[in-house]
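Beneath this line is the structure, given in structure tokens, with notes to follow.
The values are calculated or read from the model by the stated rules, or taken from the named source; none is laboratory data. Computed from a predicted structure; not experimentally measured. Because the Cβ atoms are built from the backbone with ideal geometry, glycine has one as well, and the counts that use them run over all protein chains shown. Side chains included, ligands, DNA and RNA excluded: accessible areas come from the protein's heavy atoms. Shrake-Rupley method; radii C 1.70, N 1.55, O 1.52, S 1.80 Å.
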Amino acid sequence: MKAIVFHEFGGLDVLRLEDMVDPQPGPGEVVIDIAATALNHLDVDVREGVSRFPVELPFVPGIEVVGRIAEVGEGVEGWQVGDRVMPFLMNTCGECRFCRTGRESLCLTPGFVSFSTSGGYAERLACPARQLMRVPDELTDEAAAALQIAFGTAWHMLFARGRLQVGETVMINSVGSGIGSAAVQLAHLAGAVVIGNAGSDEKLVRAAELGMDHGINYRAQDVVEEVMRLTGGRGVDLVFEHVGGELFQKGLDSLGKDGRLVICGGHSGEVVPFDIIPFFRMQRQIIGSFVYTRTEVETCLELARQGKITPLVYKAFPLSDAPEAMATMERREHFGKIVLAISAGGRNG
Ligand SMILES: [Zn+2]
């Protein structure tokens, strides 16, 4: 099979399109003919060697995969060759105290696609059958690939961790990203008042079409001032944060009394100064969030099947153009997800 692989950490120039041995299904595993793989910022961190995940070289990146089952290993039941599937990002143990209580995102010994399996920037991938989820016919391969991490993460942050309630006001940072645009759709669907920010007016217009009530251009406007104006000086109930650096701090300052800030990333500044005094006087909370549960993804797949949410694909690139696809993501001009469309014969609908 063809795959995009890197043998050393670095910039786009370390990516190579190479022939690799086809993966074989071990016991309990399937091999998937990959149809589409969505890009994530983690892919860039992994390539640069700064992800804080253990990476063994050479490495095939890609964690968000959709395809069809090509081979079924020994002992696999309930799955057939040709089934359209996506692997759940995590390979959870199923036995620890968190897995046993439906909180598998806290699994004590998780594996992850591309770290515990082969990677998604390739024509094929082998993974345990217990990670598989069915993809509804209503979704194209590219749309399905764009769904899992954006909507799964946004759902887990808004509802499981952030405890968003009908009628509350939420501010969503960087609404042009995959996860930001997913959060706008879910928060709107849940009956929240949605304030969003982005670095361009074009992105704010797109987010308004998805259900955002008020937009703030963080390059042209003061985020905290605008939030206070929009909320009559009260501040927001919840900040949806995944950016880090300045937007993390502006998010904290935008919180009302008893407000919560839920966070899942910090690409724009992973270590920040923190003012303790307003934090405790206002009785605010900062809540960490990491991945999501399989049930949360399956709920989002069903909402997408019903047309209530829409996974956004900015652009699809062929596998050989993975460096250009990554460069496009790193320029941050996109709205929604960037996807590799890998198997030309496997396109749906
Ligand atoms: Zn576990």
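Assorted remarks:
- When segment 69-228 is reduced to its Cα atoms, the Kirkwood hydrodynamic radius in Å: 18.0 Å
- The Cα-based radius of gyration and maximum Cα-Cα distance (Dmax) for segment 276-315 are 17.3, 46 Å.
- Unit charges at the beta carbon, dipole of segment 268-314: most positive-side option, SER289, THR310, PRO273: THR310
- For segment 42-109, the fraction of alpha-carbon pairs lying more than 20 Å apart is 54 percent, rounded to a whole number.
- Choice from VAL76, VAL21, VAL243 showing the highest fluctuation, given a GNM over the chain with Cα pairs closer than 10 Å: VAL21
- GluC sites (Glu not before Pro) within segment 1-82, DSSP loop, no more than 16 other Cβ atoms inside 10 Å: GLU8, GLU56, GLU74, GLU77
- Both the radius of gyration and Dmax for segment 170-244 are 10.9, 30 Å, in that order, over alpha-carbon atoms.
- Within the listed set GLY191, GLY176, GLY67, the Gaussian network model of the chain (springs between alpha-carbon atoms below 10 Å) gives the highest mean-square fluctuation for GLY191.
- For the chain, the relative contact order comes to 19 percent (Cα pairs under 8 Å, sequence separation of at least 6).
- Kirkwood hydrodynamic radius (C-alpha pairs) into Stokes-Einstein, segment 253-301, 25 °C and 0.890 mPa s, D in µm²/s: 187 µm²/s
- Sparse packing (at most 14 other Cβ atoms within 10 Å of the Cβ) combined with a DSSP loop state is found for the following trypsin sites (Lys or Arg not before Pro) in segment 9-112: ARG52, ARG97, ARG103.
- Accessible area of the chain belonging to carbon and sulfur atoms, whole % at 1.4 Å probe: 50 percent
- Computed from the Cα positions only, the extents of segment 222-349 along the three principal axes stand at 59, 33, 27 Å, in decreasing order.
- LEU12 accessible area, assembled protein chains, probe 1.4 Å, Å²: 60 Å²
- Relative to its Kirkwood radius, the Cα radius of gyration of segment 113-205 gives an Rg/Rh of 1.05.
- With the largest listed first and rounded to whole Å, the semi-axes of the equivalent ellipsoid of segment 1-91 from the Cα gyration tensor are 27, 14, 12.
- For segment 21-153, the extents of the C-alpha atoms along the principal axes are 38, 34, 31 Å, listed from largest to smallest.
- Residue-normalised accessible area of the chain, given per residue in Å² at a 1.4 Å probe: 43 Å²
- Modelled spin labels at ILE276 and ASP22, positioned 7 Å past Cα toward Cβ, are 6.1 nm from each other.
- Binning all Cα-Cα separations of the chain at 20 Å, short to long from zero, yields these whole-percent fractions: 31, 57, 12, 0.
- DSSP-loop trypsin sites (Lys or Arg not before Pro) across segment 154-221, with at most 11 other Cβ within 10 angstrom: ARG219
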